[in-house]
Amino acid sequence: MTANRTTAVLFALFAMALAWASANLPSGVGAVPGPAFFPLTIAAAIALLAAALMVQTAPAAEAPQAAPAASRRVAGVIGLLFLYLLLWGTGLFALRTVIFLCLLLRWTGQGWRASAGVAATLTAVVVLAFQVGLRVSLE
């Protein structure tokens, strides 16, 4: 199995896990979306992208095997994402998210300073948008 197919399968599994995890959330009332709306939308988008990647790497268009370093990088990103999701609900959302994003960016080749700056900025935007703007607790 090529690296693209492996990636597509892993992301499809992730999409199914996300959809399954959000199945217990309320769907909403009337035209107002509930807490399940965004996770299900993201799961659908991930599943569609995984399917597109699988179709793109059809047997007729097989590419040579990816370098082992690329496969390790993809596996590391997916592992880091699963670890972050396992820690969901343990508190300290902002700290956990800054650390996750910083490690993710660092793992994909960014420098520590750039990773820390982007991670802190993105986390601040998310916290402000949800906790201040939408009044939704992220804990």
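Brief remarks on what is shown
- Every residue from the range 91-139 that is surrounded by 13 or more Cβ atoms within 10 Å (Cβ to Cβ), among the basic types (Lys, Arg) and under 26 Å from residue 36 (Cα atoms): 96
- Scope the range 26-39; condition out of contact with any Leu (no Cβ under 8 Å at 6 or more places or on another chain) and part of a helix (DSSP H, G or I); matching residues: 37, 38
- Note on the range 1-25: among residues that are in a loop (DSSP other than H, G, I, E, B) and open to solvent by 80 Å² or more (accessible area, probe 1.4 Å), the one that is farthest from residue 136 (Cα to Cα) is 1.
- Any chance residue 47 is among the small types (Gly, Ala, Ser), open to solvent by less than 80 Å² (accessible area, probe 1.4 Å), within 17 Å of residue 85 (Cα to Cα) and in a helix (DSSP H, G or I): no
- Neighbours by Cβ (under 6 Å, 6+ apart or cross-chain): first from the range 89-115, closer than 24 Å to residue 21 by Cα; second crowded, with 16+ Cβ neighbours inside 10 Å and among the aromatic types (Phe, Trp, Tyr): 100/84
- Scanning the range 109-139 for residues that are polar (S, T, N, Q), part of a loop (DSSP other than H, G, I, E, B) and either touching a helix residue (DSSP H, G or I) at 6+ places or on another chain (Cβ under 7 Å) or at positive phi (or both) gives a single hit, 137.
The values are calculated or read from the model by the stated rules, or taken from the named source; none is laboratory data. Just so we're clear, the structure is a prediction, and the values are computed from it rather than from any experiment. Cβ coordinates were reconstructed from backbone atoms using ideal geometry, including for glycine residues, and neighbour counts include every protein chain displayed. The area values use the complete protein model at the heavy-atom level, side chains included, leaving out ligands, DNA and RNA. Shrake-Rupley method; radii C 1.70, N 1.55, O 1.52, S 1.80 Å.
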